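Written below as structure tokens is the structure these notes are about.
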Ligand SMILES: Cc1cc2nc3c(=O)[nH]c(=O)nc-3n(C[C@H](O)[C@H](O)[C@H](O)COP(=O)(O)OP(=O)(O)OC[C@H]3O[C@@H](n4cnc5c(N)ncnc54)[C@H](O)[C@@H]3O)c2cc1C
């Protein structure tokens, strides 16, 4: 028989937003329960060095997330290895069903289910992820000072990332499978004027290659989408910029979404359209997408939830 448990605050997701919400909600004596989901620790567990987490000039992503989890536990947050499979926000208390069968009811819910970078799906891309293949120029551009890199994609993100990466790289090759970019005109103008960027039309990556010891990228094999001709581009970094998918499946029919699936929140807060439901981190944010901004929003969500619960009482 499935158990039902009640909590004042249910936090869904265990990335920087979720664990920070856990720390703050615990310190507000709200005795929160946090459900970790399929990826305990979130996206940072899939990377190696993180150099922009304040207080650590260098930290391994998985280590940072182990520390965040320990911090949330130490403050009193109950952390549960389970997945929320269904969430009913239509009446209070809100109800979450989980994979294990346990049902949680909650006075307030903090959604921190994050987002996923979209990848090409190549085995060689998987092999070099975190070792030359990245989906985040802000996170990893700094590692490629003076080196040649390629960026894959044709939308705003790809053009913005290519432009940003010219701050570090000696040359950026933008690879796009069509002959036209889907980016804003102003960005395309900047791209065309930048002497460090070359655009390779009608091409897609066939394979990323490199060394095994140490693991590192040496180049990509690209295929012409019309002729099938394969060529080599030497490079040390490959940035995949083909978009992100926010994990908003649980709430897509219950909350307002924006920009292709991100949960909308009131400006300057984490309040969603439903009172008592808050959203934080990459789930709401298609602009910054950083650990520190997600943690900041997790803090805001816990404070917003605390205020909401105090008002109810
Ligand atoms: C390869 C890589 C490298 C990066 N490097 C950096 C960097 O150097 N610096 C930086 O600041 N940022 C970096 N980022 C970005 C950073 O990881 C994200 O901005 C941050 O993790 C977002 O935090 P979040 O808490 O919003 O969600 P996420 O980290 O995306 O975590 C989402 C959480 O939600 C859970 N979840 C999802 N669905 C459910 C469900 N149904 N039930 C329960 N739980 C669920 C998942 O299990 C996961 O724990 C990197 C990202 C990647 C992919």
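Observations, loosely collected:
- Antiparallel %, DSSP beta bridges [both residues in region 132-287], to 5: 55 percent
- Least to most buried among 102, 231, 199, 113 (fewest other Cβ within 10 Å first): 231, 102, 199, 113
- Degrees between helix 291-312 axis and first principal axis of the chain (Cα, 0 to 90, nearest 10): 20 degrees
- A viscosity of 0.890 mPa s and a temperature of 25 °C, combined with the Kirkwood radius over C-alpha pairs in the Stokes-Einstein formula, give region 116-191 a diffusion coefficient of 189 µm²/s.
- Debye-formula intensities of region 179-313, expressed as log10 I(q)/I(0) at q = 0.13, 0.19 Å⁻¹, are -0.81, -1.09 (one equal scatterer per alpha-carbon, no solvent).
- Angle in degrees between helix 16-27 and the longest Cα principal axis of the chain, rounded to the nearest 10: 20 degrees
- Ratio Rg/Rh, restricted to region 119-240 and using Cα atoms, in which Rh is the Kirkwood radius: 0.94
- Stretch gain in nm, segment residue 275-residue 145, where the contour uses 0.36 nm per residue and the Cα spacing is subtracted: 42.1 nm
- Those residues of region 26-53 whose amide nitrogen sits under 17 Å from the label point placed on residue 75, 7 Å along Cα→Cβ: 26-36, 41-42
- FRET efficiency estimate (nearest 0.05) - Cβ-Cβ, residue 253 to residue 99, R0 22 angstrom: 0.65
- Rule-of-thumb Rg ratio for region 10-160 [Cα; 2.2 N^0.38 Å; N residues]: 1.22
- Euclidean distance between Cα centres, region 79-100 to region 139-154, Å: 40 Å
- DSSP beta bridges in region 1-110 [antiparallel fraction, %, rounded to 5]: 45 percent
- Note on residue 138/residue 48: beta-carbon distance plugged into 1/(1 + (r/R0)^6) with R0 of 25 Å gives a FRET efficiency of 0.95.
- Compared with the dominant Cα axis of the chain, that is its longest principal axis, helix 156-165 is turned about 70°.
- Within the chain, DSSP assigns beta bridges of which about 50% are antiparallel (rounded to the nearest 5).
- Sorting 166, 225 from the fewest to the most surrounding beta carbons within 10 angstrom yields 225, 166.
- Length added when fully stretched, residue 119-residue 67, from 0.36 nm per residue minus Cα-Cα: 15.9 nm
- q = 0.06, 0.08, 0.09 Å⁻¹: log10 I(q)/I(0) that the Debye formula gives for the chain, counting C-alpha atoms only: -0.23, -0.41, -0.51
- Extension gain for residue 221 to residue 170 (0.36 nm times residue separation, less C-alpha to C-alpha distance): 16.4 nm.
Each value in this text was obtained by applying a stated rule to the coordinates, not by laboratory testing. On a predicted model such as this, the values are computed, not experimentally measured, just so you know. When we count neighbours, we look across all protein chains shown, and the Cβ atoms used for this are built from the backbone with ideal geometry, even at glycine.
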